[in-house]
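Please read the structure below before turning to the comments.
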Amino acid sequence: MASKTDILMIDPMPESFNEQLGTPFRLHQFTSVETLGTLAERIEGVTTGGGSGLPRPIMDRLPNLKIISVNGVGIDKIDLDECRRRNIRLATAQGVLTEDVADMAIGLMLDVVRGISCNDRFVRAGKWSHEPVANSWTIKGKKLGIAGFGAIGKAVAKRALAFDMAVAYFSSRQQTDTPEYPFYPDLRVLAEWADVLVLCVSGGARSYHMVDQSILEALGAEGFLINVARGSVVDEAALIAALQGHTIRGAGLDVFAEEPHVPEAFYSLDNVVLQPHRASATFETRHAMGRLVFDNLAAFFQGKPLLTPVI
Ligand code: GLV
């Protein structure tokens, strides 16, 4: 019997996925670089989440690594130059999580603009019978600026039209397939125009702190910020100051700079809605993502083309 290929899992994968993968591969859950021992030389494939990526100290310990299969779309925590230098293939779970992530962006927008979570806390605290309830704001007719107009940004735009929102976007280049949406080559100008700014850009050096104090100022005291991209895209200290000082109206955040650490300053603010990086985390989508991670690995080790290659 041919020996099984050793795969290192940086993040745990769903049990159903382990069973599927358990047939052609031998799976190992990563715990630490120190405990890898002689297993390190046998590892030929890695699975990991978009948020975890593959830190260089682990990558450098795997001399026979041939493929990284990402259970997500983010590749900002993977050294792409090193992948190319070492001829390591890279695949992501692109395509299957677009709709859920767009839904989360819309959900966060509705929640913070309408005060849903805030009012939920109000009711649970037994305040309704003796305290006035604050009004929220309407979505209809608001201007939605989308930063990052890939598949997820476009799916957010499509949903926003159903709310009668005006939509425009910022991106590194104008998209040819969506002439119906105005393109803003300058994020600050888009932020000035928008009532709600949704971040759908890729993480990494190019988008690091793309939303800083000046962009928050441009968004202004009636503006809302929604982040389903990466925590690194936003200067969190500037955002906290803007929320505390009401120089923006509110924020909905699925991602943070130092996950799972969330700055405690957010906890006491009623104008922010917080999620523990859940945008793609539905049973259906996580299953489809796991399947794609598996199918990419299987294709690679059978000498077939990757289904969703990056490199
Ligand atoms: C999640 O954050 C992903 O990269 O898919």
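Structure notes:
- Considering 77, 140, the condition of being touching a Pro at 6+ places or on another chain (Cβ under 8 Å) and charged (D, E, K, R) is satisfied by 77 alone.
- Scanning region 1-20 for residues that are assigned to a strand (DSSP E or B) and at pLDDT below 75 returns no hits.
- Matching residues, region 176-217, being touching a residue at least 40 places away in the same chain (Cβ under 8 Å), assigned to a helix (DSSP H, G or I) and of a type outside the set (Gly, Ala, Ser): 187, 190, 193
- Residue 230 vs. criteria touching an Asp or Glu at 6+ places or on another chain (Cβ under 8 Å), charged (D, E, K, R) and within 16 Å of the ligand (Cβ to nearest atom): yes
- Residues satisfying the stated conditions in region 7-26, i.e. surrounded by fewer than 19 Cβ atoms within 10 Å (Cβ to Cβ) and over 25 Å from the mean Cα position of the chain (by Cα): 19, 20, 22, 23, 24, 26
- Sole exception among (1) in the same structural domain as residue 159 (by TED's automatic domain parsing); (2) within 16 Å of the ligand (Cβ to nearest atom) for residue 113, by number: (2)
- The residue that is surrounded by the most Cβ atoms within 10 Å (Cβ to Cβ), among those in region 252-311 that are of a type in the set (S, T, N, Q), part of a loop (DSSP other than H, G, I, E, B) and within 16 Å of the ligand (Cβ to nearest atom), is 280.
- Of all residues in region 218-251 being of a type in the set (D, E, K, R) and in a loop (DSSP other than H, G, I, E, B), the one that is surrounded by the most Cβ atoms within 10 Å (Cβ to Cβ): 230
- Taken as a whole, region 31-40 holds no residue that is polar (S, T, N, Q) and within 16 Å of the ligand (Cβ to nearest atom).
- Contacts under 7 angstrom Cβ, first residue in region 69-98 being farther than 18 Å from residue 295 by Cα and within 13 Å of the ligand (Cβ to nearest atom), partner not acidic (Asp, Glu) and not in a loop (DSSP other than H, G, I, E, B), 6 or more apart: 75/90; 78/68; 78/90; 98/151; 98/152; 98/155
- Flag if residue 228 is of a type in the set (Val, Ile, Thr) and under 15 Å from the mean Cα position of the chain (by Cα): yes
- Being over 30 Å from residue 224 (Cα atoms) and more than 23 Å from the chain's Cα centre (by Cα) is a property that does not hold for residue 121.
The values are calculated or read from the model by the stated rules, or taken from the named source; none is laboratory data. Everything numeric here is computed off the predicted structure, so don't read it as measured data. When we count neighbours, we look across all protein chains shown, and the Cβ atoms used for this are built from the backbone with ideal geometry, even at glycine.
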